[in-house]
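This report concerns only the one structure given below.
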Amino acid sequence: MNSTIPSLVVTDDLVVSLAYKLTVDNEVVDASEEGEPLEFLQGHGEIIPGLEKQLYGLAVGDAKQINVDAAEAYGPIDPDALMDIPREQFPTEIPLQIGTVLQVKDSDNEVHNARISKVDAHSIQLDFNHPLAGKDLSFAVTVVDLRQATAEELEHGHSHSEDYDEDDYELEEEESL
């Protein structure tokens, strides 16, 4: 009698623990910490689509080099996400250096990240695109662990790590019309 249990491979609704190193333009820009892999619920859009698609079928211990085109990562650069601010309206305490990251509140009081992308005599250009928009990404990944998601994780649509705090994921109630 054969009692071998088939080993898990990455499929939808499994919690994947993934060690990774992200390289962009031959420069390492992000990596998981040793012993602290990225954990996510496969098939629920918690990671970029181009990476998620290429993980299907991998098993624990599998390593793979994955290249993701910009369109399947953070998308192309959106010219509508660039905003020119007249220099006289720009706060004087902020250094006018290209690459400076700012947090900007919109008219609804929501906070957005922006980077100074251009400075000239008349204006400061803020770029609200994701910093990796327009970039092709290269991931070196290793599947560290796979497990069945709990009913609660499936209901919530994301994995719950050891330090999961439900209060971090509370949704504001919508006002009824």
Exercise for the section: Could you state the orientation-averaged shadow area of the convex hull built on the Cα atoms of the chain, in nm² to one decimal? Expected result: 15.6 nm²
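How would you rank His122, His130, going from fewest to most other Cβ atoms within 10 Å of each one's own Cβ? Spell out each step's value before the answer.
Details: His122 9, His130 15.
Sorted ascending by nearby Cβ count, the order is His122, His130.
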Practice task
Please report how far the C-alpha centroid of segment 65-95 lies from that of segment 133-150, rounded to the nearest whole angstrom.
Solution key: 25 Å
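Pairs of alpha-carbon atoms within less than 8 angstrom and 6+ residues apart define the contacts here; what relative contact order does segment 79-127 have, in percent?
Contact order relative to length: 44 percent.
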Problem - Backbone HN-Hα couplings from phi across segment 64-73 [Karplus 6.51/-1.76/1.60, Hz, Gly and Pro as x] - result: 8, 8, 10, 9, 10, 5, 3, 4, 9, 10
Problem - Selection of trypsin sites (Lys or Arg not before Pro), segment 1-82, meeting DSSP coil and at most 15 other Cβ within 10 Å - result: none
Fill in the blank from the handout: Expected max-MSF residue from Tyr20, Tyr56, Tyr74 in the GNM of the chain (alpha carbon, under 10 Å) is Tyr56
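Every number here is computed from the coordinates shown, using simple stated rules; none is lab data. Owing to the predicted nature of the structure, the values given are computational and were not obtained by experimental measurement. Every residue, glycine among them, receives a Cβ derived from its backbone with ideal geometry; neighbour counts consider all protein chains shown.
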